[in-house]
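This report concerns only the one structure given below.
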Amino acid sequence: MEILIINGPNLNMLGKREKSIYGEMTLNSINEMLLARAGGRCELEFFQSNHEGDIVGMIQRTDADGMIINAGAFTHTSIAIRDALLAVSKEFIEVHISNVFAREDFRHKSYLSDISKGVISGFGAMSYAFALDYFLEQKK
């Protein structure tokens, strides 16, 4: 089983940006934590881009069995990413480091939530780990 982890805009700045919201972990340290958690039980592929079209392209060409997606700000704006996810018909989980519902009103609307398997929000880097756990449990 292969899981693709997609991170959207500004997530490459984790560990530097708004630490009170996003914590101290870098994206690389989150990826390393996920590799350790997977423990060889599945393959993980990591992708990050600040560009909407690059994310759409990755979704369209992946052979992964499932996806974990933190689309960042594109969660609230991108019909193109939504359409790409619908086109490939692969199970995915939407994740967010912060609790988007405890933040600005514009973050309360997601173009992905209603087509996702589920949404995990507000648990910091563990949001990714919980999503990975779902896929690992499905493999059993």
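Observations, loosely collected:
- Ranked F46, F92, F106, criterion: other C-beta atoms within 10 Å, fewest first: F106, F46, F92
- Counting other Cβ atoms within 10 Å as a rough exposure proxy, the listed residues H51, H96 run H51, H96 from fewest neighbours to most.
- Taking all Cα pairs closer than 8 Å and separated by 6 or more residues, the relative contact order of region 62-140 comes to 33 percent.
- Legend: ranking of residues Y111, Y134 from fewest to most surrounding C-beta atoms inside 10 Å; resulting order Y134, Y111.
- Relative contact order (%) - criterion: Cα under 8 Å, at least six apart; region: the chain: 27
- Local electrostatic count at G53 - Lys and Arg +1, Asp and Glu -1, tallied over other residues with Cβ under 15 Å: -1
- √(5λ) per eigenvalue of the Cα gyration tensor, the chain, largest first, Å: 20, 19, 14
- Within the chain, no whole DSSP H helix has Cα atoms reaching 24 Å or more along its own axis together with a mean Kyte-Doolittle score of at least -1.0.
- In this Cβ point-charge picture (+1 for Lys and Arg, -1 for Asp and Glu), region 5-140 has a dipole of about 200 debye about its Cα centre.
- Spatial separation of Cα centroids for region 53-75 and region 81-140, in angstrom: 11
- Förster radius 35 Å - calculated FRET efficiency between F106 and E32, Cβ distance, rounded to 0.05: 0.65
- The chain: calculated mean residue ellipticity at 222 nm from DSSP helix runs of at least 4, using -39500 (n - 2.57): -10500 deg cm²/dmol
Coordinate-derived values only; no laboratory data. Here the structure is a predicted model, which means the values were calculated and not measured. Glycine gets a Cβ as well: all are built from the backbone with ideal geometry, and neighbour counts include every protein chain shown.
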